[in-house]
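Engineer: Here it is, the structure, as structure tokens.
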Amino acid sequence: MFENLTEKLESSFKILKGSHKITEINIAESLKDVRRALLDADVNFKIAKDFTDRVKEKALGQDVLKAVNPGQMMVKLVHDELAELMGGSAEGINLSGKPSVILIAGLQGSGKTTFSGKLANHLKRKKGKFPLLAAGDVYRPAAIDQLKILGEQINVPVYTIEGSKDPVNIATSAVEEAEQKGQDLVIIDTAGRLAVDEQMMNEIAAIKKAVNPDEILFVVDSMTGQDAVNTAKAFNDVLNFDGVVLTKLDGDTRGGAALSIRSVVNKPIKFVGMGEKMDALDVFHPERMADRILGMGDIVSFVEKAQEQFDEEEARKLQKKLVKDQFNFNDFLKQINQIKKMGNMKDLMGMIPGMGKAMKDVDIDDDAFKGVEAIIYSMTPEEREKPSILNGSRRKRIAKGSGSSTADVNRLLKQFDEMRKMMKMVSKNGGKLPKMPMGG
Ligand code: GDP
């Protein structure tokens, strides 16, 4: 699903790879590609433009954390904006009526009948409802048979009036039947046409008026791209529906409908169809969908974690010390603690793209720092402050105290020295903090 979009968005972030800062220029370049990716996914031009404008505004106002690079920051910003575009947090459906009545609308072939069955199945199993399916597609006799077959599969009764050409009557009678039989939910499948036409609209408006549904769901085939958006608008003008169902998301859809519908009709996507089977229905979660579209959910949680944990003030102090060549073992310990606070090392590494696979067979955990910490804790406060005084006899004492060898201590000191030089260089360049070498 959305493979193309995912790929193109991914490559748009590559522009920022290697840059240390988000600037007007590199962000404009990266966002130009993001916009192109959205347009290619059949997102309407204005929506795509507004989208990148909002991301740009947020990116420029953002104090980029030292712990993450601009590319990662950008992934997070685009992710959040995608989720926002698709509707913020997830919304449920209204089942308050007795019985609750749900009206299903949409074009022919959009997947209404299939969805009606899936929804009955879903609410029966997940909410303990006793549904009745009403077969109101009187123009397509096969649709009634289709619903009956689905009803049998999921063990839900199907109501229809044989030979009737009056969908309003079928709908109202179905509700009465449910009341009599103590069924607490009626799902009304309706007729669709190949294109929006007046007769169909009048008919569904009449059904709405007659049964006063608690929830009207508009079903649309996600493969139809911008057409889906136009159809949604036409239906919404007449029905003022409550939510959208996107079907066939398991197919080769480009994603335009999923991304545009919400902002055009201002109605939430509530369910997505992921196949022809009765259990191929997902409750829609904008956040999760954004994760899937980007295929980079891990970076998003990485940035969030870093945002929670990293103390910008500390980082600035550290930077100053580095430039003045005052970085010492106490600072080093603080750094290790920062990294440890961010969680299990392996988890963390796994969140970085490309690293996950590489780290799979390597056993790195929090213990990776144990040896290093032991050595540092065996130093006197003065030694930690001024590593330059660590002569041979001090090193020997530290090795003994920390249960390591003099070679271990020497190695750590050498690494520390190299790291200090490197960090000083980078920080003079105004760059970000490089990764710590791991001794042990
Ligand atoms: P209706 O005319 O709106 O009632 O549409 P149908 O429910 O008859 O669906 C039309 C076709 O799309 C049927 O062949 C369904 O099996 C298929 N279909 C419906 N929903 C999905 C879905 O989520 N994924 C896939 N792959 N096919 C679907």
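Engineer: Looking at the stretch 230-238, is at least one residue hydrophobic (A, V, I, L, M, F, W, C), free of Cβ contacts under 8 Å to residues at least 24 places away in the same chain and assigned to a helix (DSSP H, G or I)? Outline the logic, then answer.
Structural biologist: Taking the stretch 230-238 as the starting set, the residues that turn out to be hydrophobic (A, V, I, L, M, F, W, C) are 232, 234-235, 238.
When the remaining residues are screened for being free of Cβ contacts under 8 Å to residues at least 24 places away in the same chain, the result is none.
Within the stretch 230-238 (the criterion being hydrophobic (A, V, I, L, M, F, W, C), free of Cβ contacts under 8 Å to residues at least 24 places away in the same chain and assigned to a helix (DSSP H, G or I)), the answer is no, since none of the residues qualifies.
Engineer: Return yes or no: is A257 in the same structural domain as N202 (by TED's automatic domain parsing) and within 19 Å of the chain's Cα centre (by Cα)? Before you say what the answer is, go through the steps one by one.
Structural biologist: Numbers: in the same structural domain as N202 (by TED's automatic domain parsing): yes; within 19 Å of the chain's Cα centre (by Cα): yes.
Yes, satisfied.
Engineer: With a cut-off of at least 1 residues that are more than 16 Å from the ligand (Cβ to nearest atom) and small (G, A, S), name the helices (runs of 4 or more DSSP H) lying wholly within the stretch 101-219.
Structural biologist: Working: elements: 112-127, 141-154, 167-181, 198-211.
Qualifying helices (runs of 4 or more DSSP H): 167-181, 198-211.
Engineer: Suppose the filter is more than 20 Å from I47 (Cα to Cα), surrounded by fewer than 24 Cβ atoms within 10 Å (Cβ to Cβ) and at pLDDT 95 or above; does N240 pass it? Working first, answer last.
Structural biologist: Working: more than 20 Å from I47 (Cα to Cα): yes; surrounded by fewer than 24 Cβ atoms within 10 Å (Cβ to Cβ): yes; at pLDDT 95 or above: yes.
Judged against the criteria, N240 is a match.
Engineer: Another question, if that's okay. Find all pairs meeting these conditions: Cβ atoms under 9 angstrom apart; at least six residues apart or on different chains; first residue within the stretch 198-221 and surrounded by fewer than 21 Cβ atoms within 10 Å (Cβ to Cβ); second residue part of a helix (DSSP H, G or I) and charged (D, E, K, R).
Structural biologist: As it stands, the answer is M201/D237, since those pairs meet every condition given.
Engineer: Another question about this same structure. Of all residues in the stretch 142-155, count the ones that are of a type outside the set (A, V, I, L, M) and exposed (fewer than 13 other Cβ atoms within 10 Å of the Cβ). Full working, then the answer.
Structural biologist: Start the filter on the stretch 142-155 by keeping residues that are of a type outside the set (A, V, I, L, M), which leaves 145-146, 148, 151-153, 155.
Subset that is exposed (fewer than 13 other Cβ atoms within 10 Å of the Cβ): 152-153, 155.
Total meeting the criteria: 3.
Engineer: Scan the stretch 415-422 and tell me whether some residue there is aliphatic (A, V, I, L, M) and at pLDDT below 90. Before the answer, list the steps.
Structural biologist: Our first condition is that a residue be aliphatic (A, V, I, L, M); within the stretch 415-422, this holds for 419, 422.
Okay, now just the ones that are also at pLDDT below 90, so 419, 422.
Yes; the residues of the stretch 415-422 include at least one that is aliphatic (A, V, I, L, M) and at pLDDT below 90.
Engineer: Going through the stretch 253-290 one residue at a time, which ones are charged (D, E, K, R) and either in a strand (DSSP E or B) or in contact (Cβ under 8 Å) with a residue 60 or more places away in the chain (or both)? Outline the logic, then answer.
Structural biologist: Kept after step one, since they are charged (D, E, K, R), are these residues of the stretch 253-290: 254, 262, 267, 270, 276-277, 279, 282, 287-288.
Those that are charged (D, E, K, R) and either in a strand (DSSP E or B) or in contact (Cβ under 8 Å) with a residue 60 or more places away in the chain (or both): R254, R262, K270, E276, D279, D282, E287.
Engineer: Do the conditions hold for S393, that is, is it touching a Ser or Thr at 6+ places or on another chain (Cβ under 7 Å), at pLDDT 80 or above and among the small types (G, A, S)? Full working, then the answer.
Structural biologist: Working: touching a Ser or Thr at 6+ places or on another chain (Cβ under 7 Å): no; at pLDDT 80 or above: yes; among the small types (G, A, S): yes.
For S393, the condition - touching a Ser or Thr at 6+ places or on another chain (Cβ under 7 Å), at pLDDT 80 or above and among the small types (G, A, S) - is not met.
The values are calculated or read from the model by the stated rules, or taken from the named source; none is laboratory data. Computed from a predicted structure; not experimentally measured. Virtual Cβ from ideal backbone geometry, glycine too; neighbours counted across all protein chains shown.
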